[in-house]
Each structure stands twice: as C-alpha cells, then as structure tokens.
Ligand code: FPP
C-alpha cells in the first residue's frame with residue numbers, strides 16, 4: 001500500500017517500507033529562538049509543540065515505535081533557568097496526555113527517573129503503568145538519558161546477577177545486555193533523524209542505533225514538520241540496508 005502525503009504543490013509518495021522505529025534528536029530549539037530574538041526557552045516551547053505534531057503524524061502513518069531525545073544526562077549542566085523551563089514543559093505535557101490512552105499509545109521513558117522532582121517521577125511511573133497494555137504505537141521519551149550511562153547500568157545489573165550466582169559470566173551475550181536496557185523488548189532504531197545541521201549521535205541510543213540509517217537536515221527542530229518527515233521517509237526508502245551482509 002502506498003501512502004500519500006497531501007502537499008500544496010507536489011504530492012509525495014511515501015515508500016512501501018516505513019521504519020519500524022524512528023529516533024528523533026530534537027535539536028535546534030535554542031537557535032530557532034535566537035533567530036527570532038527570543039529567549040531560548042521559547043524555542044523549547046515550540047519544540048514541544050512540534051513533538052506533539054510529529055507524534056500525531058507518525059500515528060497516522062502507522063509507525064509503530066518512535067523515540068525522542070528530550071533531555072540528556074548532560075543537559076542538567078545548562079543554566080538553571082533553562083533546565084527549569086524544560087522541566088515545566090515536561091510537567092505540562094505529563095498533565096495533558098489523555099490522548100495517549102484514547103489513541104492506544106504505550107508510553108515508555110528511557111533514562112533514570114530518580115533525578116526528577118517527585119511529582120514528575122510519580123507522573124512518569126503512573127503514565128507507563130496506565131498505558132502498558134496499549135498496542136498501536138510505542139512512544140519513547142528519553143529523559144535524563146545517556147547511552148553510555150544506560151550501558152554502564154546494564155553492566156552493573158548483569159555483574160550483580162553474576163555475583164549472586166543467578167547467571168554465569170560466560171552466558172552474557174548481546175540479548176542479555178539488550179534485556180537490561182530501557183528499551184527492553186522494543187525494536188532497534190531503523191532511522192535516526194537529527195535536524196539543525198549537526199552530524200552526530202550525542203550519546204543517543206548508541207546500542208540500539210548500531211544498524212540505523214541516519215538522516216540529517218539543516219532545518220531546526222521546531223520547523224521540522226510533517227513535510228520534512230515525508231522527505232526523510234522518502235530518503236529512508238532509497239537506502240539499501242544490508243546489516244553487514246552483502
Ligand atoms: C535541543 O536543542 C533540545 C533540548 C536539549 C531540549 C528539548 C526539549 C523539549 C523539546 C521539551 C521536552 C518536553 C517534551 C514534552 C517533549 P538545543 O537547545 O540544544 O538547541 P540549540 O542547539 O539550537 O541551542
């Protein structure tokens with residue numbers, strides 16, 4: 001089945017094969033605001049609005065798994081005012097996500113919840129619990145997330161299991177590591193999208209992106225709308241994925 005995105009000037013035909021998991025690195029909010037002479041926090045507000053737009057569009061397209069890099073383990077070093085503003089945007093979102101349940105969307109947070117304020121932590125835990133049986137789409141939000149931190153955590157869990165005699169060190173394999181990641185049971189990333197002209201992964205899902213395709217664009221995240229996503233999907237459709245084979 002071909003999917004069609006309606007355009008004002010042209011009609012884009014999306015590829016038959018869409019990614020099973022798209023990872024979005026929501027970069028460029030600060031520059032978006034600066035270009036308009038606004039404080040950086042305005043950029044994050046617009047970025048969060050666009051996040052909702054893209055989630056809805058992915059749902060419409062039938063993409064089964066989407067993940068977003070909202071806040072890294074390193075982002076705490078930003079000025080307190082900016083961190084507080086992002087936490088408040090996050091809080092507003094958590095207070096207003098009834099649509100997840102009505103739309104049959106499962107919410108999974110990637111990252112250590114312990115560093116968040118208690119009210120945020122409780123809302124995150126409740127939302128995961130409330131949506132755990134939702135089947136149509138999984139929405140992952142990486143918050144206080146770092147790929148290396150996630151792997152170190154998995155190593156600690158496995159080392160403890162070995163020390164307790166639950167497993168043998170020689171039995172540790174790729175699957176047992178994957179099973180201790182925040183993404184347990186979820187598919188690897190097929191397509192990473194990073195707007196704003198930066199060509200790096202920035203510690204995002206480093207294990208899960210081992211065979212991902214990458215799409216970079218100069219467009220800043222608040223401007224990365226549904227038309228831009230169509231372009232990324234068309235480009236993804238042209239890639240020849242061999243997964244190390246020939
Ligand atoms: C990167 O842009 C963006 C962030 C570090 C924060 C993104 C957070 C949000 C969009 C809100 C999170 C909440 C929800 C509900 C998704 P940047 O600030 O590094 O941009 P710059 O490189 O232009 O400075």
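Taking the conditions exactly as written (in contact with a helix residue (DSSP H, G or I) (Cβ under 9 Å, 6 or more places away or on another chain) and on the phi < 0 side of the Ramachandran plot), does residue 94 satisfy them or not? Yes, satisfied. Note on region 113-125: residues that are buried (at least 17 other Cβ atoms within 10 Å of the Cβ) and not in a helix (DSSP H, G or I) total 1. Within region 84-102, being modelled with pLDDT under 90 and surrounded by 16 or more Cβ atoms within 10 Å (Cβ to Cβ) holds for 97, 100. Restricted to region 59-77, and to residues there that are surrounded by fewer than 16 Cβ atoms within 10 Å (Cβ to Cβ) and within 13 Å of the ligand (Cβ to nearest atom), the residue that is farthest from residue 42 (Cα to Cα) is 74. Cβ-Cβ contacts under 8 Å between residues 6 or more apart (or on different chains), taken from a first residue in region 15-37 that is on the phi > 0 side of the Ramachandran plot and touching a residue at least 24 places away in the same chain (Cβ under 8 Å) to a second residue that is part of a loop (DSSP other than H, G, I, E, B) and near the ligand (Cβ under 8 Å from one of its atoms), are listed as 28/196; 28/220. Restricting 81, 128 to those that are part of a helix (DSSP H, G or I) and either over 22 Å from residue 154 (Cα atoms) or modelled with pLDDT under 95 (or both) reduces the list to 81.
Among the residues of region 167-200, those that are surrounded by 15 or more Cβ atoms within 10 Å (Cβ to Cβ), assigned to a loop (DSSP other than H, G, I, E, B) and within 16 Å of the ligand (Cβ to nearest atom) comprise 195, 196.
Taking the criterion of being in a helix (DSSP H, G or I), closer than 22 Å to residue 199 by Cα and within 15 Å of the chain's Cα centre (by Cα), would at least one residue in region 53-70 satisfy it? Scanning region 53-70, I find at least one residue that is in a helix (DSSP H, G or I), closer than 22 Å to residue 199 by Cα and within 15 Å of the chain's Cα centre (by Cα), so the answer is yes.
Which is more than 11 Å from the ligand (Cβ to nearest atom), more than 27 Å from residue 21 (Cβ to Cβ), free of Cβ contacts under 8 Å to residues at least 60 places away in the same chain and out of contact with any strand residue (DSSP E or B) (no Cβ under 6 Å at 6 or more places or on another chain), of 81, 99, 103? First the steps, then the outcome.
Working: 99 fails: more than 27 Å from residue 21 (Cβ to Cβ); 103 fails: more than 27 Å from residue 21 (Cβ to Cβ).
Criteria check complete, one pass: 81.
Within region 131-166, being outside any helix (DSSP H, G or I) and either over 20 Å from the mean Cα position of the chain (by Cα) or surrounded by fewer than 17 Cβ atoms within 10 Å (Cβ to Cβ) (or both) holds for 132, 133, 135, 136, 164, 165, 166.
The values are calculated or read from the model by the stated rules, or taken from the named source; none is laboratory data. Please read all numbers here as calculations on a predicted model, not as lab measurements. With ideal geometry, Cβ positions are generated from the backbone for all residues, glycine too; neighbour counts draw on all protein chains shown.
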